[in-house]
Amino acid sequence: MHVLILGGTTEASELARLMAGDTRFEATLSLAGRTSSPRPQPLATRIGGFGGTEGLAQYLDDHKIEAVVDATHPYAAQISANAVAACARTGTPLASIVRAAWSAQPGDVWQVVASTQEAVAALGPSPRRVFLSLGRQELHLFAGAPQHHYLARLIEAPQEASLPPDLVLLRQRGPFDRDAEQRLLQDERIDVVVSKNAGGSATYAKIEAARALDLPVIMIERPDKPAGVVVASATQAVAWLAHDATSRSLRGV
Ligand code: NAP
């Protein structure tokens, strides 16, 4: 069975590991190309956008893809909308790995906001020392609040011209350890953390560290993200591929 995995996450890498060498599948992992040196993968990998819904539908046809697994990040809503539309158009079965969101625990001080723009406003007028772990695409928005000091953790240096003036970059890739996160927040005298609600364990340590230090977290809500058949893990995606997707594909539905 020809399978396309839409990746860029821990779950996608896990799925690639599970499917590599599994003779039932011939899978290709697709990455957007946001990082110049992605982790090496044990599957055939293609890199770059498809060209919207049209382009993705064309790719599914051209490569005779029989099932798609959307294992993209909870905040990557556009590619998921495209996947739902392209799979509907081509009649390709689609499963989406949906990671459970974090929920506030006793001791957490969260201010939940709807967007990164709202997070910028929520920092308020007085200068603060802010820890950002959002990825580089939204960093330029914080140039709108130049009174704050920012420590931004990224995999790759940002390319945008307009960045906040008082910005220190920390180039690191997760997963992160709770004690190290706590030390980082203390050493850098951070007084507020801005985070996406990524879910999962790889980046949760900063939330635990903020709790331990009584630091507020400005938590950006997840966007609406279209999905196919919802599964919770890479293992469940393989089970779906082996059963549901195979029988749908055989029946031609
Ligand atoms: P997005 O806003 O949903 O997608 C924007 C465009 O990027 C899509 O329309 C598509 O271009 C292309 N694209 C996205 N994911 C792709 C994939 N796996 N393979 C091929 N093309 C892809 O996505 P994003 O938020 O920019 O995220 C990009 C990638 O980074 C995703 O793979 C995601 O899993 C990963 N990621 C995102 C975040 C985050 O916070 N957003 C965090 C960690 C990892 P075309 O329309 O041209 O096909």
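Assorted remarks:
- Scanning region 17-41 for residues that are in contact with a Pro (Cβ under 6 Å, 6 or more places away or on another chain) and within 12 Å of the ligand (Cβ to nearest atom) yields one hit, LEU31.
- Residue list for region 91-109, restricted to those being within 16 Å of ILE5 (Cα to Cα) and of a type in the set (Val, Ile, Thr): THR92, ILE97, VAL98
- Residues in region 55-67 that are in contact (Cβ under 8 Å) with a residue 24 or more places away in the chain and within 10 Å of the ligand (Cβ to nearest atom): LEU56, TYR59.
- Residues being open to solvent by 40 Å² or more (accessible area, probe 1.4 Å), assigned to a loop (DSSP other than H, G, I, E, B), among the small types (Gly, Ala, Ser) and modelled with pLDDT of 95 or more - total across region 134-176: 0
- Unique residue being within 16 Å of MET219 (Cβ to Cβ), out of contact with any Phe, Trp or Tyr (no Cβ under 7 Å at 6 or more places or on another chain) and either among the hydrophobic types (A, V, I, L, M, F, W, C) or in the same structural domain as GLU208 (by TED's automatic domain parsing) (or both) when the list is TRP102, TRP110: TRP110
- Restricting the search to strands (runs of 3 or more DSSP E) fully inside region 18-96 and requiring at least 2 residues that are open to solvent by 60 Å² or more (accessible area, probe 1.4 Å) and in contact with a strand residue (DSSP E or B) (Cβ under 6 Å, 6 or more places away or on another chain) gives 44-47.
- Where LEU215 falls short, out of the listed (1) open to solvent by less than 30 Å² (accessible area, probe 1.4 Å); (2) touching a His at 6+ places or on another chain (Cβ under 8 Å); (3) among the aliphatic types (A, V, I, L, M): (2)
The values are calculated or read from the model by the stated rules, or taken from the named source; none is laboratory data. Quick caveat, the model's predicted, so the values are computed rather than measured. Ideal geometry is used to build each Cβ from the backbone, glycine not excepted, and the neighbour counts take in all protein chains shown. We work out accessible area using only protein heavy atoms, side chains counted, and drop any ligands, DNA or RNA first. Shrake-Rupley method; radii C 1.70, N 1.55, O 1.52, S 1.80 Å.
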